[in-house]
1. Being closer than 16 Å to Gln356 by Cα and either open to solvent by less than 50 Å² (accessible area, probe 1.4 Å) or not basic (Lys, Arg) (or both), is that true of even one residue in segment 369-387?
2. Based on this model, can you work out whether Asp368 counts as touching a Phe, Trp or Tyr at 6+ places or on another chain (Cβ under 9 Å) and acidic (Asp, Glu)?
3. With Glu63, Glu28, Glu44 as the choices, which residue is within 12 Å of the ligand (Cβ to nearest atom) and not small (Gly, Ala, Ser)?
4. Do you know which of the residues in segment 92-119 that are near the ligand (Cβ under 8 Å from one of its atoms) and more than 13 Å from the chain's Cα centre (by Cα) is surrounded by the fewest Cβ atoms within 10 Å (Cβ to Cβ)?
5. Only residues that are under 14 Å from Pro113 (Cα atoms) and surrounded by fewer than 23 Cβ atoms within 10 Å (Cβ to Cβ): list them for segment 75-84, please.
6. Out of segment 388-411, which residues are in contact (Cβ under 8 Å) with a residue 12 or more places away in the chain and basic (Lys, Arg)?
7. Can you work out which of the residues in segment 9-49 that are within 18 Å of Glu97 (Cβ to Cβ) and in a helix (DSSP H, G or I) is farthest from the chain's Cα centre (by Cα)?
8. Would a scan of segment 171-194 turn up a residue that is under 18 Å from the mean Cα position of the chain (by Cα) and either among the aromatic types (Phe, Trp, Tyr) or more than 25 Å from Cys217 (Cα to Cα) (or both)?
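The values are calculated or read from the model by the stated rules, or taken from the named source; none is laboratory data. Please read all numbers here as calculations on a predicted model, not as lab measurements. Counting neighbours? That spans all protein chains shown, and the Cβs are built from the backbone with ideal geometry, glycine included. Heavy atoms of the whole protein, side chains included, go into the accessibility calculation; ligands, DNA and RNA do not. Shrake-Rupley method; radii C 1.70, N 1.55, O 1.52, S 1.80 Å.
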Amino acid sequence: MIKAVRGTRDLLPPETGLWNFVEAKVREVMRAYNFQEIRTPIFESTELFARSVGEETDIVSKEMYTWEDRGRAESDKGQSLTLRPENTAGVVRAYIEHKLWDRGLNKLYYIGPQFRRERPQKGRYRQFYQIGAEVIGPSTAGSESPARDAEILEMLATLLDCLGIKGWTLQLNSVGCPADRARFNAALKEALAPVAAQMCEDCQRRAVTNPLRVFDCKVPEDQSIIEKLPRISQFLDEACRKHFEEVQAILKGVGVPFTLNDRLVRGLDYYTRTAFEFTTEGTLGAQNAILGGGRYDGLSEALGGPAAPGIGFAIGEDRLVMSLAESAPVVAQKPDVYIAPLGAGMNVEAAKLARQLRSEDLIVELGDETFRLKKSFDAAAKLGARFVLIVGENEVKAGTFALKNQETGEQVSLTREELIAYLKKILKKADNH
Ligand code: HAM
């Protein structure tokens with residue numbers, strides 16, 4: 001048997017209903033904050049991720065699905081391509097490519113699959129879905145303002161609350177500007193030099209190449225060493241400190257609770273200043289970061305574009321849906337009406353009625369004229385249909401149809417017109433219960 005590839009999975013109904021619910025809510029909230037959707041390709045040049053996410057990150061150094069795409073003709077140059085491990089790089093690439101600075105401040109969101117070759121476990125997949133947003137534009141359009149950071153964070157708090165995610169914590173830090181980080185890196189290197197030899201192989205390498213990445217280390221034995229390292233908070237310059245204070249002041253003003261966490265450096269190199277994660281308790285086990293994000297003021301320039309400060313986030317949709325499913329069981333979709341055509345020629349009549357009922361927003365399932373009545377009733381019961389409508393030759397001739405309420409067993413005979421009015425009335429009443 002051919003199975004889904006390790007780390008990938010099928011999303012099946014009724015759970016897909018929960019995914020649709022989440023995405024519909026997201027679109028509603030994004031609209032209220034004036035975000036608009038962007039869709040970028042799921043594969044990009046490998047160079048894009050190397051230059052944005054960073055060569056030394058776990059993502060780029062170990063987790064990307066990369067292949068050499070040969071040209072189709074002799075004259076075509078081959079190039080290295082990669083399935084996107086995240087979507088910020090693609091959005092900034094598109095910002096530069098399409099000169100989106102002409103539009104001032106861009107508020108963009110996306111929903112789609114990302115790919116990382118991680119060790120699969122609960123809440124961690126090799127194909128997973130992100131719901132993300134990016135605010136990016138010229139500084140003059142206000143893209144650098146702490147008001148943008150606070151707006152994004154307040155939007156996330158609102159979204160999680162209205163989705164019914166309970167017990168989330170906003171972990172907040174500032175990772176400063178490149179100059180702050182250069183001083184921090186120097187201090188880290190110095191602090192790591194005498195202890196690096198006792199750390200894992202990855203950390204020994206990071207201690208030399210990109211010491212900040214030591215904070216990504218998950219090896220338990222290394223944690224006591226990491227605990228004692230200097231923190232970025234001690235190295236912020238005046239402007240970064242002020243920016244961070246203003247973000248916090250607005251969050252306090254609008255009543256969004258947060259926890260300062262100066263160990264939070266995030267696993268991607270492009271971050272500057274505000275960095276954050278939202279975590280949830282319990283349900284997700286080790287994978288408790290439901291979303292992460294931050295500012296990336298130098299990213300556009302690193303990719304050859306103009307200065308374009310930005311801030312964004314990405315929610316792990318798989319994790320979000322998982323924590324929702326644990327608090328509220330998913331409800332399967334059930335037809336309002338099962339139409340049972342009875343005898344030769346009745347498929348046409350049933351199809352006509354189905355078309356009419358569906359145009360009235362009812363969920364309709366159709367049987368087949370070869371089914372005996374018992375078979376149709378069994379099928380309707382299996383689907384959980386609320387009504388069965390019988391369409392036989394006699395009914396069509398008389399212009400009245402037998403409608404059976406599956407819950408009460410009550411059966412009524414109705415004309416086409418009465419049928420619609422009756423169903424709408426009853427189903428609407430039931431919805432209100
Ligand atoms: P990230 O922290 O790498 O950030 O990923 C964001 C979220 O994606 C994580 O918090 C997690 O919920 C989810 N996630 C990551 N890897 C997996 C996986 N293997 N399986 C399931 N879920 C996963 C970014 O990707 C940045 N682009 C976010 C951002 C946008 N920063 C600024 N703008």
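1. Our first condition is that a residue be closer than 16 Å to Gln356 by Cα; within segment 369-387, this holds for 387.
Okay, now just the ones that are also either open to solvent by less than 50 Å² (accessible area, probe 1.4 Å) or not basic (Lys, Arg) (or both), so 387.
There is at least one residue in segment 369-387 that is closer than 16 Å to Gln356 by Cα and either open to solvent by less than 50 Å² (accessible area, probe 1.4 Å) or not basic (Lys, Arg) (or both).
2. On the way: touching a Phe, Trp or Tyr at 6+ places or on another chain (Cβ under 9 Å): no; acidic (Asp, Glu): yes.
In short, no.
3. Glu63
4. Within segment 92-119, the first condition is being near the ligand (Cβ under 8 Å from one of its atoms), and the residues that meet it are 114, 116, 118.
Imposing the further condition that a residue be more than 13 Å from the chain's Cα centre (by Cα) reduces the set to 116, 118.
Numbers: Arg116: 20, Glu118: 17.
Selected residue: Glu118.
5. Kept after step one, since they are under 14 Å from Pro113 (Cα atoms), are these residues of segment 75-84: 82-84.
The answer is Thr82, Leu83.
6. Answer for segment 388-411, where residues must be in contact (Cβ under 8 Å) with a residue 12 or more places away in the chain and basic (Lys, Arg): just Lys404.
7. Among residues in segment 9-49 that are within 18 Å of Glu97 (Cβ to Cβ) and in a helix (DSSP H, G or I), the one farthest from the chain's Cα centre (by Cα) is Glu47.
8. So the first thing to find is which residues in segment 171-194 are under 18 Å from the mean Cα position of the chain (by Cα), and the list is none.
The answer is no; no qualifying residue exists.
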